[in-house]
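A.B. asks: One structure is given below, represented as structure tokens, and several questions about it will come after.
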Amino acid sequence: MPIQQANWSPYDNNGGTCVAIAGADYCVIAADTRMSTGYNILTRDYSKIIQLADKSVMASSGFQADVRALQKVLEARHLVYQHQHNKQMSCPAMAQLLSNTLYYKRFFPYYSFNVLGGLDSEGKGCVFTYDAVGSYERVGYSSQGSGSTLIMPFLDNQLKSPSPLLLPAKDAVTPLSESEAADLVKTCFASATERDIYTGDKLEILVLNAEGIRREYMELRKD
Amino acid sequence: MFRNQYDTDVTTWSPAGRLFQVEYAMEAVKQGSAAIGLRSKTHVVLASVNKANSELSSHQKKIFKVDDHIGVAIAGLTADGRVLSRYMRSECINYSYSYESKLPVGRLVVQLADKAQVCTQRSWKRPYGVGLLVGGLDESGAHLYYNCPSGNYFEYQAFAMGSRSQAAKTYMERKFETFTESSRENLVKDALFALRETLQGEKLTSSICTVAVVGVGESFHILDKETVQALINEFEIAGEEEAPANEAAPQDQGGDAQAGAADQGPTDQGVAPMDI
């Protein structure tokens, strides 16, 4: 009898793409709303974005069951923080918490590719980008998910500081205005939708600024 | 309360069938500064007297937010109260995590009561020395519960605990029938009036009291000092209207003061340092 191998995986990939761009006093976080498995679409209307605190918003692509579990853990931990400190968590604090939470499951990871966006304690836009086990970095812009390979080079072209030879190399927050950044994001997704089969249906954009938070939707191709 | 040979251990019954340690724990609640609660069909108000140790120090926190829909006021050993509040917060968070809905108030108080009961039946523990007024809102409406160190709990329309709470109870006994249909503003005013009764003539200002509200469409929150002071000013002006009631009250209080003069001395000196 031939050797039998386990062929069950605890993970699945539900596809989708997330983007975040940091501005001088705002942050744009966006994700498509398509949820797939294999070559099928499960739903065209699933939000990958969650507001964790006043000034922290997380978008995650990957295995949505793990994403949801991760969101719940962070929500509960934020409540504990609020009870202990009598205030909301700042975005940099949430960034560290997310990293620690991901690394906690280093040997059975959350299959979740995250971008965390928000305003730092000075009111400036910040974006943090992660891998599945919690390695993170503050950047001026980032994308994760199935369309990230298409979007990231385009954002590098549009937003990266001109000369990589100038040291220290850093992604400054973009000088773009809020509406320009939102338009850029829409362009990114319209393009990614063309070539990535897992990205499409609808785009959900959140804009975080001193006044609060604004949500916008844009239709994307459904094929 | 008298010392006797059956009161050293919480696990020792007296011949009359009493657990003295538990009863002594309930005494600790009476020594704390006053806290009151009242509820209507849609709101619950908790209020407490916050006396500071001295002019130089801050005063103790006696009202805690447990969740958006539940808050608690404590009297007695405030350290015990703080620990129990942390437990309550943790239970609410875990319930929300598992069921993605709010922990019903009745379930929380049962868990709290069971936790208190454990301490009445273990020789290496002591009962919690704190009374808790748990006020909250859930699907079945607004609720106010009192949890005591014995592990008992009861639901109330209005309740007061701590030192000189009887004065507040008397006030509320007169008016409680109006509470169910009361508006939010009148409920807060009644809470302040009741709290004033416990001060026995001392001036009520927002610096010595704390008021918190939870209700339909209103998360549990503690009212800020300015709001409270504005409400106090509003009803002290209306104090004239309350004159007939006020005239009746001092006579009762005068009688009480004389009868209680003997008790007042030791009680005043012995205000539990755990709860000012």
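The values are calculated or read from the model by the stated rules, or taken from the named source; none is laboratory data. What you see is a predicted model; the values in this text were computed from it and never measured. Here the Cβ positions follow ideal geometry from the backbone for every residue, glycine too, while neighbour counts run over all protein chains shown. What goes into the accessible areas is simple: the full protein's heavy atoms, side chains included, and nothing from ligands, DNA or RNA. Shrake-Rupley method; radii C 1.70, N 1.55, O 1.52, S 1.80 Å.
A.B. asks: Could you list, in sequence order, all residues of the range B:77-95 that are within 9 Å of another protein chain (Cβ to nearest Cβ), among the polar types (S, T, N, Q) and open to solvent by less than 40 Å² (accessible area, probe 1.4 Å)?
C.D. replies: Listed by number, the list holds a single entry, B:S85.
A.B. asks: OK, next. Inspect all residues belonging to the range A:197-213 and state whether any of them is assigned to a strand (DSSP E or B), open to solvent by 70 Å² or more (accessible area, probe 1.4 Å) and either at pLDDT 95 or above or aromatic (F, W, Y) (or both).
C.D. replies: Yes, some residue in the range A:197-213 is assigned to a strand (DSSP E or B), open to solvent by 70 Å² or more (accessible area, probe 1.4 Å) and either at pLDDT 95 or above or aromatic (F, W, Y) (or both).
A.B. asks: Hey, any hits in the range B:55-76 for a residue that's within 13 Å of chain A (Cβ to nearest Cβ), over 20 Å from the mean Cα position of the chain (by Cα) and not in a loop (DSSP other than H, G, I, E, B)?
C.D. replies: Scanning the range B:55-76, I find no residue that is within 13 Å of chain A (Cβ to nearest Cβ), over 20 Å from the mean Cα position of the chain (by Cα) and not in a loop (DSSP other than H, G, I, E, B), so the answer is no.
A.B. asks: Restrict the check to the range B:28-50 and report whether at least one residue is open to solvent by 50 Å² or more (accessible area, probe 1.4 Å), among the aliphatic types (A, V, I, L, M), within 18 Å of B:C119 (Cβ to Cβ) and not in a loop (DSSP other than H, G, I, E, B).
C.D. replies: No.
A.B. asks: Same structure, new question: Pick from the range B:136-158 the residues that are assigned to a loop (DSSP other than H, G, I, E, B) and of a type in the set (G, A, S): which of them is farthest from B:C119 (Cα to Cα)?
C.D. replies: Per the stated criteria, the residue is B:S140.
A.B. asks: Return the residue satisfying two criteria in turn: it lies in the range B:96-109 and is in a loop (DSSP other than H, G, I, E, B) and away from every other protein chain (no Cβ under 12 Å), and of such residues it is least open to solvent (accessible area, probe 1.4 Å).
C.D. replies: This residue is B:L103.
A.B. asks: Across the range B:10-27, what is the total count of residues that are open to solvent by 60 Å² or more (accessible area, probe 1.4 Å) and in a loop (DSSP other than H, G, I, E, B)?
C.D. replies: Going through the range B:10-27 one residue at a time, the tally reaches 5.
A.B. asks: Return the residues of the range A:143-196 that are modelled with pLDDT of 95 or more and among the β-branched types (V, I, T); say none if nothing qualifies.
C.D. replies: Residues satisfying the conditions are A:T149, A:I151, A:V185, A:T187, A:T193.
A.B. asks: Return the residues of the range A:1-35 that are in a strand (DSSP E or B) and more than 30 Å from A:V173 (Cα to Cα); say none if nothing qualifies.
C.D. replies: Scanning the range A:1-35 gives a single hit, A:M35.
A.B. asks: Hey, another quick one. Pick out the one residue from A:R138, A:R77, A:R106 that is basic (K, R), in a loop (DSSP other than H, G, I, E, B) and open to solvent by 20 Å² or more (accessible area, probe 1.4 Å).
C.D. replies: Step by step, each of A:R138, A:R77, A:R106 is checked, and only A:R106 is basic (K, R), in a loop (DSSP other than H, G, I, E, B) and open to solvent by 20 Å² or more (accessible area, probe 1.4 Å).
A.B. asks: Right, next: Which one of the conditions (1) at negative phi; (2) of a type in the set (G, A, S); (3) in contact with a Ser or Thr (Cβ under 9 Å, 6 or more places away or on another chain); (4) away from chain B (no Cβ under 14 Å) does A:A65 fail to meet, given that it meets all the rest?
C.D. replies: Failed condition: (3).
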